[in-house]
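The values are calculated or read from the model by the stated rules, or taken from the named source; none is laboratory data. It should be emphasised that the depicted structure is a prediction, and the values quoted were computed from it without experimental measurement. Cβ placement follows ideal geometry from the backbone for every residue including glycine, while neighbour counts extend to all protein chains displayed.
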Ligand code: GLU
């Protein structure tokens, strides 16, 4: 039996050839085409986002194509809606995908599909059949027990582990022997293995766009390329898909770096040109002084959904991710802080190869600065969008009273003493929710959103001098006038305060002749108006609330 006859015996249904496929998916006119290729697990890892943003930006800055391929060959781990988790997350970041299952109900857009690996079975088998014909792959029936036995022997004898040379039972079988075994096994095989041309002593050198020249031991293992269920392993799928989808740059996680020698062998076996590789370092975290990879199991921030829930802006996150990728980005950005982020080019060769550390403080700073710069209308829209998912009641208020909401959000923004209080959209909600009457009136202060809110009974001065404070409030309400300027209003307030036996300032308070001081006054008003110990400038708060509401809130306590 010839190898071609064996290939026909194993895959009689495959009649297409590789040259036919290469013609069907011609070279792209664009110089750059890259992609993200997530497995649909229902979880979008921060590392995937990092990879997605860098691929997208790289394609954009080179007028290239950025596509989404779904690596769903692990049927056991497949989860419904998982593709939408990825697509929706990318959408939120404004990352436009040119091709992939991005149409309605995941219909495919693009000429280089199918973009779901599970729909590409025939294509993979075309490639596998070719390798069998060339004697570069063979079926294998080794059982898990046999494989275990080999591993144990190799460990005992201190041999290099793996299925290679003499350790691969079927590697040396002739086509006739393989065909006979195939029939004995009721026309099935366990897996198909690649017949690696490497040996244990070979070293190879290849180039990585981020890391430069890399020298590594060559692959010598007869790796599994097709599983028993007829679907390929990552290695074969990568060769086939990135070839036929005409990917020019494969920018992927560093954990794939050690597979490059195998991948290069496979490209050579098909006489194909490999793409340009660029391997990204994993995002890490400091854990008890030690760097370790951000872990799905241990770190909530490993899940991109965490940032949506906490209310981080996607623009702030993109900006932060740029600092993780390129340590010079922050300096470049400082000089052009108003510039559109899309105008910042990055250079693959400048991407850091040392494992970048996730630093929430820095992310907070970047977000805070971003939220302090965007116009109030934009901030309002973004807060509303997040609230619609995470705080629907608050979203309703924002929609019902947009002008009031915007005035509340806007207090002290763009002024000289702007305290830049918002790091996340959640902060905006915390600081503006109680401007609205319904949540203010709600008794339930234990509501988780309000855990920081205070009650007047928390103020000692009120407990000690309830009557005097109440009398002050009566007088204050009588003379209350929001029309004058801030200074006049404050002087007037202090005067009434003084009339009820409280000091107008700290220095006078120290004389010992007063019940309390001006700071207490401010605290009382803050708590009465917003149930908070910290608020923006009091008079600005009152102006936004309007006279009637201020009166109501003060009276409500008496
Ligand atoms: N599905 C692979 C992963 O998520 C894709 C790696 C690649 O980009 O080639 O690790």
* Are there any pairs, at least 6 apart or on different chains, whose C-beta atoms fall under 6 Å, with the first in the range 520-534 and closer than 23 Å to residue 510 by Cα and the second part of a helix (DSSP H, G or I), and if so, which? -> 520/461; 521/497; 525/538
* Kindly provide the set of residues from the range 185-200 that are assigned to a loop (DSSP other than H, G, I, E, B) and closer than 15 Å to residue 270 by Cα, ordered by number. => 195, 196, 197
* Just for the range 237-256: of the residues that are assigned to a helix (DSSP H, G or I) and surrounded by 18 or more Cβ atoms within 10 Å (Cβ to Cβ), which one is farthest from the ligand (Cβ to nearest atom)? -> 244
* **Subset of the range 1-48 [surrounded by fewer than 17 Cβ atoms within 10 Å (Cβ to Cβ) and within 16 Å of the ligand (Cβ to nearest atom)]** => 42
* Structure fact -> If we ask which residues in the range 33-67 are part of a helix (DSSP H, G or I) and over 17 Å from residue 238 (Cβ atoms), their number turns out to be 13
* Asked: Which one of these is surrounded by 14 or more Cβ atoms within 10 Å (Cβ to Cβ) and either in contact (Cβ under 8 Å) with a residue 60 or more places away in the chain or assigned to a helix (DSSP H, G or I) (or both): 502, 539?
  -> 539
* Structure fact -> Counted residues in the range 113-130 being in contact with a strand residue (DSSP E or B) (Cβ under 8 Å, 6 or more places away or on another chain), surrounded by fewer than 22 Cβ atoms within 10 Å (Cβ to Cβ) and assigned to a loop (DSSP other than H, G, I, E, B) come to 1
* To do: For residues that are crowded, with 18+ Cβ neighbours inside 10 Å and in a loop (DSSP other than H, G, I, E, B), scanning just the range 222-232, find the one that is farthest from the ligand (Cβ to nearest atom).
  => 222
* Looking at 102, 95, which is the one that is more than 16 Å from the ligand (Cβ to nearest atom) and surrounded by 17 or more Cβ atoms within 10 Å (Cβ to Cβ)? -> 102
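Conditions tested, residue by residue: (1) assigned to a helix (DSSP H, G or I); (2) in contact with a helix residue (DSSP H, G or I) (Cβ under 6 Å, 6 or more places away or on another chain).
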site: 484; (1), (2): no, no
site: 489; (1), (2): yes, yes
site: 512; (1), (2): no, no
site: 523; (1), (2): yes, no
site: 544; (1), (2): yes, yes
site: 550; (1), (2): yes, yes
* Any chance you could count how many residues in the range 49-81 are more than 10 Å from the ligand (Cβ to nearest atom), within 21 Å of residue 298 (Cα to Cα) and out of contact with any helix residue (DSSP H, G or I) (no Cβ under 6 Å at 6 or more places or on another chain)? => 1
* Asked: Can you name the residue in the range 257-276 that is away from the ligand (no atom under 16 Å from the Cβ) and under 16 Å from residue 202 (Cβ atoms) and is also surrounded by the most Cβ atoms within 10 Å (Cβ to Cβ) among such residues?
  -> 265
* Within the range 310-327, identify whether any single residue is over 19 Å from residue 285 (Cα atoms), modelled with pLDDT under 90 and assigned to a helix (DSSP H, G or I), and answer yes or no. => no
* Answer from 181, 285 - the residue that is away from the ligand (no atom under 14 Å from the Cβ) and out of contact with any helix residue (DSSP H, G or I) (no Cβ under 9 Å at 6 or more places or on another chain) -> 181
